[in-house]
Amino acid sequence: MRIGHRPERDKRITTHVALVSRAFGADRIIVDKEDLKLKQTVERVTEKFGGSFKIEFYPYRDQIKKFKGIKVHLTMYGIPMEEKINEIRKSENIMIIVGAEKVPREIYEMADYNISVKNQPHSEVSALAIFLEHLGRQKELRGYLRIIPQERGKKVLRIPDKEECLSLLNKYGADEKLISHSIMVSKVALEIGKGCGADEKILEAGALLHDIGKTVTGGISHGAEGHSILLKEGYDEMIARFCSTHVGAGLLKKTAKKFKLPDLDYIPRSLEEKIVCHADTLLKGSKVVTLDEIIKDYEIKGLSSEIPRLKRLDDQLKKKCGYRIEELLKLNE
Ligand code: SAM
C-alpha cells in the first residue's frame, strides 16, 4: 500500500516502489491516487519480464481496514525489523504500507506492526527492498525477455510467443499438418513440464518451432535445417537448439557424421530440450501414443539401437516430472 502518491512529483519514486515490490515477491501494489502513466510503465515491465503483478488505485483507508492479514507499516520510528520479522513471516497475507512525505497519524494505529529498517531516515524504496528481502517471498518471474547474467556487458534472451512462432511457421510455408503437429507437441510438452517447474515460455516456443526445418526437408537433416533457419531469423542458440536436439532421442556425434549432418550438438541437454524431444517422440502426427507403440515402430524401422536411449529419457522425465501417459492421452480428446 503506497500512501501519499503525488503524480506530478513522485512519478519516479512510486514507479520504483512498484518495481521493487514486483521484483522482491509481492503480488500487487495499491497506490492511493490514480496515475495512468505509472500503471502503463508497471504493466509494460510485467508483460516483458513476467509474473502476474498487479497495480491498482484506491484510497488507503478502506483498503487497510478491509485487508485480511497482517498490516506492516514501514517507518523509521518503528520497532527494528530484526525483532519482529520471524513473527511477521508466519502470516500468509501481508500488506506493507509505505509513505511518501508525511504519513497520517492514523496509519500508526491501523497497522498491526510499525517496523523500522534502521532507526534513521532514508527512503520507502530502500526500506521496502530490505524488508521484502528479509521476508523471503521472492518467486521466479519468467517473461518473454530474460536477462542472462553476465560478468560484463548485457545479454537478454528474447523468447518468441505463440503468435510469433505460428507466423514464422507460416512464413516458411508450413502446411496444416506440420502446424497442428507442432501445436500438439507444445501441449504435450507443457503437460509434461507442469510437474517439474520447466520454463513454460521456452517450452512453448521450442515445441512450436522444433520442426520448422521440415519446411525444407522431411529427412533427418530437418533438425539442422531448422537450427540454421532460427539463427538466420535472429533467434538465440538456446531457441535454435530445439530444432537440432529433438530428432530421435538425440543423435550421437557418430550418427550425425554418418548422415553427413553439420557439426552441431544433437543431444537434448536442458530440461526443456529433453521434454520437447520426448513430447515429439510420443506423437504420431498429432496423436499421442504409448511408448510401447513407438518402440515397435523403431524395431520395424531397424532403429533398435536407439531404443535404450529412448527408454532412458522416458524414465528420466517420469522421475523428474512425474508425468503419466494417461494424462497425455487425454490430450487426444
Ligand atoms: N518523515 C516521514 C514520516 O512521517 O514518516 C517519512 C518520509 S520518508 C521519505 C518516506 C517513507 O520511507 C516513509 O513513510 C517510510 O515508509 C519509509 N522509510 C524511510 N526511512 C525508513 C526507515 N528507517 N525504516 C522504515 N521505513 C522508512
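The values are calculated or read from the model by the stated rules, or taken from the named source; none is laboratory data. Here the structure is a predicted model, which means the values were calculated and not measured. Positions of Cβ are backbone-derived with ideal geometry, glycine not excepted, and every protein chain shown enters the neighbour counts. SASA here: full protein model, heavy atoms, side chains in, ligands and nucleic acids out. Shrake-Rupley method; radii C 1.70, N 1.55, O 1.52, S 1.80 Å.
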Practice problem: Determine which single condition His227 fails, assuming it passes every other condition in (1) over 21 Å from Thr217 (Cβ atoms); (2) open to solvent by less than 40 Å² (accessible area, probe 1.4 Å); (3) not polar (S, T, N, Q). | Solution: (1)
Practice problem: Counting only residues that are under 17 Å from His134 (Cβ atoms) and hydrophobic (A, V, I, L, M, F, W, C), give me the helices (runs of 4 or more DSSP H) lying completely in the stretch 1-85 with at least 1 of them. | Solution: 11-23
Quiz item: In the stretch 293-333, what residues are without any contact (Cβ under 8 Å) to a residue 12 or more places away in the chain, under 24 Å from Arg269 (Cα atoms) and of a type in the set (Asp, Glu)?
Solution: Asp315
Self-check item: Subset tally (residues that are aliphatic (A, V, I, L, M) and touching a Phe, Trp or Tyr at 6+ places or on another chain (Cβ under 8 Å)) for the stretch 274-333
Solution: 4
Exercise. Consider Lys66 carefully, then state whether it is open to solvent by 80 Å² or more (accessible area, probe 1.4 Å), farther than 28 Å from Arg44 by Cα and among the charged types (D, E, K, R).
Key: yes
Quiz prompt | Every residue from the stretch 212-249 that is in contact (Cβ under 8 Å) with a residue 60 or more places away in the chain and closer than 27 Å to Ser304 by Cα | solution = Gly248, Ala249
Quiz item: Which of the residues belonging to the stretch 12-45 are crowded, with 18+ Cβ neighbours inside 10 Å, of a type in the set (D, E, K, R) and within 18 Å of the chain's Cα centre (by Cα)?
Solution: Arg22
Practice problem: Please determine, by comparing only the residues of the stretch 280-314 that are out of contact with any Gly (no Cβ under 9 Å at 6 or more places or on another chain) and closer than 17 Å to Ala198 by Cα, which one is least open to solvent (accessible area, probe 1.4 Å). | Solution: Asp314
Quiz item: Which residue pairs have Cβ atoms under 6 Å apart, sit 6 or more places apart or on different chains, and have a first residue in the stretch 71-84 that is in the same structural domain as Asn119 (by TED's automatic domain parsing) and under 13 Å from His122 (Cα atoms) and a second that is outside any strand (DSSP E or B) and among the aliphatic types (A, V, I, L, M)?
Solution: Leu74/Ala127
Quiz item: So how many residues does the stretch 86-127 have that are assigned to a helix (DSSP H, G or I) and within 12 Å of the ligand (Cβ to nearest atom)?
Solution: 7
Practice problem: Could you tell me which of the residues Ile130, Ile159 is of a type in the set (A, V, I, L, M), within 16 Å of the ligand (Cβ to nearest atom) and touching a residue at least 24 places away in the same chain (Cβ under 8 Å)? | Solution: Ile130
